[in-house]
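The values are calculated or read from the model by the stated rules, or taken from the named source; none is laboratory data. Computed from a predicted model, the values in this text were never measured in an experiment. Methodologically, a virtual Cβ is constructed for each residue, glycine included, from the backbone with ideal geometry; neighbour enumeration extends over all protein chains shown. Note: accessible area is taken over every heavy atom of the protein model, side chains too, but ligands, DNA and RNA are not part of it. Shrake-Rupley method; radii C 1.70, N 1.55, O 1.52, S 1.80 Å.
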Amino acid sequence: MHSNIFLIILGMGLVTYIPRMLPLTLFHRIELPPFWRGVLRNVPYATLGALIIPGIFLIQDDPVFGILGFVSAVIASWLGANVMIVVFVSVLVLTVYTMV
Amino acid sequence: MFRDGIKSGVAIAIGYAPVALTFGLLAKSTGLSLMDTTLMSMIVFAGAAQYISLNLLSLGTGPFEIILTTFILNIRHFLMSASLNEKAENDSLWKKALYAFGITDETFSVAAMKEGTISASYMFGLIFISYSSWVVHSAIGHIVGAHLPENVQVSLSVALYAMFISLLVPAVKTERKALWLAVCAGAINCVLLLWLHVPKGWAIVISTIISAICIQWVVEKGKETEYAQ
């Protein structure tokens, strides 16, 4: 174990904070051209896609696990369930699946 | 507004609990003290990076490499921060610098999908509850060190993904573009991660940028041809 663990943690904190902080403070009043504003507005949807796929299908070696979690979350949210219900339903479905 | 933030953060706080408990547990087995474990969650506040750092620490990796890996993994927050900035109200700079600290995949997704603009007090509420859950559960994981029943723990690992899906689906229902953006980014991410073995942090950044630019380009082309007709 490193004796300088505290310094490592500080360094990790710094390199994590800087990318989080720079755009919000530096681009404070910059007017981007419409095309790039559109691109930035697209970012959340694209990010969500990349956060979900392929991650959810790789949680377990068993592909059915991820597919089942994915499908139950999609169905629950498609039916208009709020976020808590969606999380609850998919965890429940998978708990049942891992029991049987 | 602060209360609205708290309300939208409850799901994140619950989703973080098992992840942070497990982190605390792993940190203990890696040999980190309770204080170091809690400090890491307080100072870094980035799940994936913290997990990987434990792995690297146990392998005896040098400080520079650990910090560099953390940077590469978390560079994606730059993009999220830039995107959030488009929706952010003109709060004073120090407030924005303060809530920027709490931008994670989860807080970003919830804030970005919120209707209307984003105020500092909303972000403070959202981050306060998520951050508290993360830090407190990291410490509890280290202290208690007890496992949840195996199958519950396994199925809880889907919680944050389910939250992402529940944020995305309503947008997809109202706007076809959202679906294309997500599917396109997901497909590129698969190629980058599974085939080209790009590190996870970069893979998310690259697939998000390519998808966001390409779809925007297609949309603008579509408008031009509409006007031309």
Across 5 Å bins beginning at 0, the whole-percent shares of Cα-Cα pair distances in the stretch B:18-77 come to 4, 19, 32, 28, 15, 3
Label model pair residue B:213, residue B:195: point-to-point distance (7 angstrom along the Cα→beta-carbon line) in nm is 1.9 nm
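My understanding is that a pair violates if its Cα-Cα distance is over 19 Å; which of B:7/B:173; B:114/B:173; B:7/B:114 do that in this structure? Spell out each step's value before the answer.
Working: B:7/B:173 23 Å; B:114/B:173 15 Å; B:7/B:114 12 Å.
Violating the 19 Å limit, Cα to Cα: B:7/B:173.
Taking every pair of distinct Cα atoms and averaging 1/r, then inverting, what Kirkwood hydrodynamic radius in Å comes out for the stretch B:63-179?
Values: mean 1/r = 0.0603 Å⁻¹.
In the stretch B:63-179 this quantity evaluates to 16.6 Å.
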Counting only protein heavy atoms and leaving out ligands, DNA and RNA, the solvent-accessible surface of residue B:132 at a 1.4 Å probe, in Å² to the nearest 10, equals 40 Å²
The base-10 log of I(q)/I(0) that the Debye equation returns for the stretch A:4-100 at q = 0.20 Å⁻¹, one scatterer per C-alpha, is -0.98
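Give me the 1.4 Å probe accessible area per residue for the protein assembly as shown, excluding ligands and nucleic acids, in Å².
Numbers: 15280 Å² over 329 residues.
Per-residue accessible area for the protein assembly as shown comes out at 46 Å².
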What one gets for the stretch B:175-229 as the Kirkwood radius, inverse of mean 1/r over different Cα pairs in Å, is 12.0 Å
For the protein assembly as shown, the charge dipole (Cβ of Lys, Arg +1; Cβ of Asp, Glu -1; about the Cα centre) points to a positive end, and the Cα of B:61, B:178, A:85 closest to that extreme belongs to B:178
Counting only protein heavy atoms and leaving out ligands, DNA and RNA, the solvent-accessible surface of residue A:27 at a 1.4 Å probe, in Å² to the nearest 10, equals 70 Å²
Note on the stretch B:19-131: C-alpha Rg/Rh, Kirkwood Rh, two decimals, gives 1.02
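Show me you know the interface measure: the accessible area buried between B and A, both chains summed, probe 1.4 Å, in Å² to the nearest 100. Provide the component values of the computation, followed by the final result.
On the way: alone 13530 and 8660 Å², together 15280 Å².
That pair hides around 6900 Å² of surface in total.
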Long-range alpha-carbon pairs in the stretch A:1-51, meaning those over 12 Å apart, account in percent for 76 percent
Between the alpha carbon centres of the stretch A:1-73 and the stretch B:157-186 the gap in Å comes to 14 Å
Under the helix-only model (-39500 (n - 2.57) for each DSSP H run of 4 or more, divided by the residues of chain B), the mean residue ellipticity at 222 nm, to 500 deg cm²/dmol, is -26000 deg cm²/dmol
Scoring only Lys, Arg, Asp and Glu (+1, +1, -1, -1) among other residues with Cβ under 15 Å from the Cβ of residue A:18 yields +3
Counting only backbone N atoms under 20 Å from a point 7 Å out along Cα-to-Cβ of residue A:37, the residues of the stretch B:55-94 in range are B:79-91
Percent of all alpha-carbon pairs of chain B at distances over 26 Å, whole number, is 44 percent
